[in-house]
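Working notes, structure below.
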Amino acid sequence: MIGVRTAAAITIAATALALVAARSAAPATAAPAPVPVQSWAVSFQVHNTNRSKVPCDSDGIAYTIVGHLVEPAARPDENTATRPVVLDLHGLGFGEFFWSFDAVSGYDWAHTLAARGLASVVIDRIGYGRSGRPPGTQSCIGAQADVAHQIVQELRSGSYGVEGGEAPSFGRVALAGHSAGGAITQVEAYSFHDVDGVVVLSYADLRPSLRTLAALTEAVITCLGGGNPPGHAPFGKRDADFQALMFHDADPRVVAAVTAMRNPEPCGDDASLLAAIATDVREVPSITVPVLLVIGDHDAVFPPPALESQRHLFAGSHDVTSVTVPDTGHAVTVERSAGVTRDAVVSWLCAHSFCASER
């Protein structure tokens, strides 16, 4: 298992070498068999309000957030009131599909984690995919965090909708966010202090690349012109721009499918990023729960030394693990190394009592 304190940073490569050495010195044992998996369509009733610590505008109107609960099949002795779950938040340009990508086999993050004992809720964030869509200028990072907070509370109380069944409640909730979803995860955690763990994938507040700044500038210019579509703009104006930002070593079939699925982001999300970063620098140190930071060593959006910079912000947590995944770009769940990234996240979550087998 992977677990280190604040001053430590590790790489998957070193972990892999240690595992090989340990296995060569111990009797061979069979890998645990995957557990049965069940997936349920879920819906959350939320308001697009902003009570977070990041100031930005939202319309306050009610919307429905949709997605899926993907979990190990319940055991007869399962106490549904105390079981854990991870709420996954995608980044700019993506959607629920980032966590449940099945156009090419081997990349369904949520299903693979469920087979290893972890329950996940994967959603289209507000303004994306099949979820409710406020005007693009009335969505923002602070409101996204507030909506995530509302979903966390519904998961704890079991007050959300489940197609064809009764919604289980969860006693432990972790947030996992990719890219801008990582920023939203941080804002939710320090604004509401209602989660038991934080996982940030491919995000750093203070170390974006020049290519990233150029893409965001293009998006802002598009938004100033009214948006395309109205109130929205793509992160990466051309498909080639998006691909250069997202991928380092990915199957061409994956690149093509992900590019075809990508979503334009609400203009308000882009416009509020600077306010989120400024607030993060002040407030991230107030996060005290365990934290996992994961980034690829060839991330074109947040290149090295972005991970080290971000790790230092989490001064208030005494349990911070940072992982660099070799030969990996920004879109860590759909790179060829996705299995290595999953292993790191599963190890950390299980070490922090988010696996069914570890409770």
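The values are calculated or read from the model by the stated rules, or taken from the named source; none is laboratory data. Source: prediction; values computed, not measured. All Cβ positions, glycine included, derive from the backbone under ideal geometry; neighbour counts span all protein chains shown.
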Considering only strands (runs of 3 or more DSSP E) fully contained in region 29-132, which possess at least 3 residues that are closer than 30 Å to residue 230 by Cα, β-branched (Val, Ile, Thr) and modelled with pLDDT of 95 or more? 62-72, 120-123
Looking at region 270-308, which of its residues are in contact with a His (Cβ under 9 Å, 6 or more places away or on another chain), of a type in the set (D, E, K, R) and closer than 23 Å to residue 218 by Cβ? 299
So which residues in region 208-230 are buried (at least 18 other Cβ atoms within 10 Å of the Cβ) and over 18 Å from residue 274 (Cα atoms), if there are any at all? 227
Failed criterion for residue 267 (all others in (1) touching a Cys at 6+ places or on another chain (Cβ under 7 Å); (2) under 19 Å from residue 53 (Cβ atoms) hold): (2)
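Out of everything in region 210-233 that is part of a loop (DSSP other than H, G, I, E, B) and in contact with a helix residue (DSSP H, G or I) (Cβ under 7 Å, 6 or more places away or on another chain), what residue ends up being farthest from residue 245 (Cα to Cα)? Explain how you work it out, then say what you get.
First, the residues of region 210-233 that are part of a loop (DSSP other than H, G, I, E, B): 225-226, 228-229, 231.
Filter once more, keeping what is in contact with a helix residue (DSSP H, G or I) (Cβ under 7 Å, 6 or more places away or on another chain): 228, 231.
Working: 228: 20, 231: 22 Å.
Among residues in region 210-233 that are part of a loop (DSSP other than H, G, I, E, B) and in contact with a helix residue (DSSP H, G or I) (Cβ under 7 Å, 6 or more places away or on another chain), the one farthest from residue 245 (Cα to Cα) is 231.
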Among the residues of region 176-190, write down those that are in contact with a Ser or Thr (Cβ under 8 Å, 6 or more places away or on another chain) and either closer than 22 Å to residue 124 by Cβ or in a strand (DSSP E or B) (or both). 176, 177, 178, 179, 182, 187, 188
Quick check on region 314-329: of everything there that is outside any strand (DSSP E or B) and hydroxyl-bearing (Ser, Thr, Tyr), which residue is farthest from residue 251 (Cα to Cα)? 317
Test each condition in (1) surrounded by 18 or more Cβ atoms within 10 Å (Cβ to Cβ); (2) touching a Phe, Trp or Tyr at 6+ places or on another chain (Cβ under 7 Å); (3) not in a loop (DSSP other than H, G, I, E, B) for residue 236 and report the one that comes out false. (3)
Have a look at 187, 147, 121, 152 and point out the one that is closer than 19 Å to residue 346 by Cα, β-branched (Val, Ile, Thr) and buried (at least 20 other Cβ atoms within 10 Å of the Cβ). 121
Expected single match for among the β-branched types (Val, Ile, Thr) and either out of contact with any strand residue (DSSP E or B) (no Cβ under 9 Å at 6 or more places or on another chain) or under 13 Å from residue 120 (Cβ atoms) (or both) among 173, 195 is 173
